[in-house]
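Comments concern the structure below.
Readers should treat all values here as calculations from the given coordinates under stated rules, not as data from a laboratory. This structure is a prediction, so every number in the text was calculated from the model and none was measured. Note that we place each Cβ from the backbone using ideal geometry, even for glycine, and neighbour counts take in every protein chain shown.
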Amino acid sequence: MFFIFRKIILLLVIALSFSTGFYLGSGGDDLKNVSVVQNVSTSTVAVIINSGLKATEVLPKVELVTGDTLFAVLERGLRKKGIEFSYKDYGGSMGVFITSIASTTNSSDKWWQYYVNGQYGNAGASTFKPLSGDVIEFKLTGEMPK
């Protein structure tokens with residue numbers, strides 16, 4: 001009887017050793033395939049399109065990539081929403097001039113101008129670099145800033 005009891009104990013020890021080794025061995029492989037997820041917040045800006053003629057279009061969270069110009073942000077937001085726009089690139093320090101947004105085109109007395117956080121934009125859209133959280137409004141207007 002002692003002999004049978006010894007064999008049972010030996011079998012239990014072998015089974016426990018095998019399962020522990022299997023468990024630990026597979027855990028090591030799993031750790032090789034684990035990716036660390038970081039909580040990275042995405043920088044965004046809000047873009048408002050106000051033609052004064054149609055309903056105002058709001059793009060509440062347009063992705064802002066480091067080094068983006070306002071023109072790049074506008075282009076990304078409008079394309080993502082499927083809104084057509086056109087522009088003329090004068091190159092050099094003149095940069096880009098927005099000529100049409102959502103089928104609303106500049107005229108001789110009104111053109112697309114932008115405001116950042118309520119303040120008139122003092123640089124061209126292709127040179128101004130917005131900051132995360134900015135609210136940018138493009139208005140079709142002939143009013144000159146005060």
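Which aspartates and glutamates have a Cα lying under 19 Å from the Cα of Lys54, excluding residues fewer than 8 positions away in the same chain? Correct list for Lys54: Glu84, Asp109, Glu137, Glu143.
Residues within the reach of a label modelled at Val65 (point 7 angstrom out along Cα to beta-carbon, backbone nitrogen below 18 Å), restricted to the range 121-137, are 126-133.
Select from the range 40-146 those GluC sites (Glu not before Pro) which occupy a DSSP coil region and have at most 16 other Cβ atoms within 10 Å, ordered by residue number. Display every interim value, and only then the final one.
Working: sites: Glu57, Glu63, Glu75, Glu84, Glu137, Glu143; in loops: Glu84, Glu143.
Answer by residue number: Glu84, Glu143.
On the beta carbon distance between Thr42 and Ile83, with R0 = 25 Å, the FRET formula returns roughly 0.75. Across the range 118-124, computed HN-Hα scalar couplings (Karplus, 6.51 cos²θ - 1.76 cosθ + 1.60, θ = phi - 60°) run x, 9, 4, x, 9, 9, x Hz from first to last residue, x flagging Gly and Pro.
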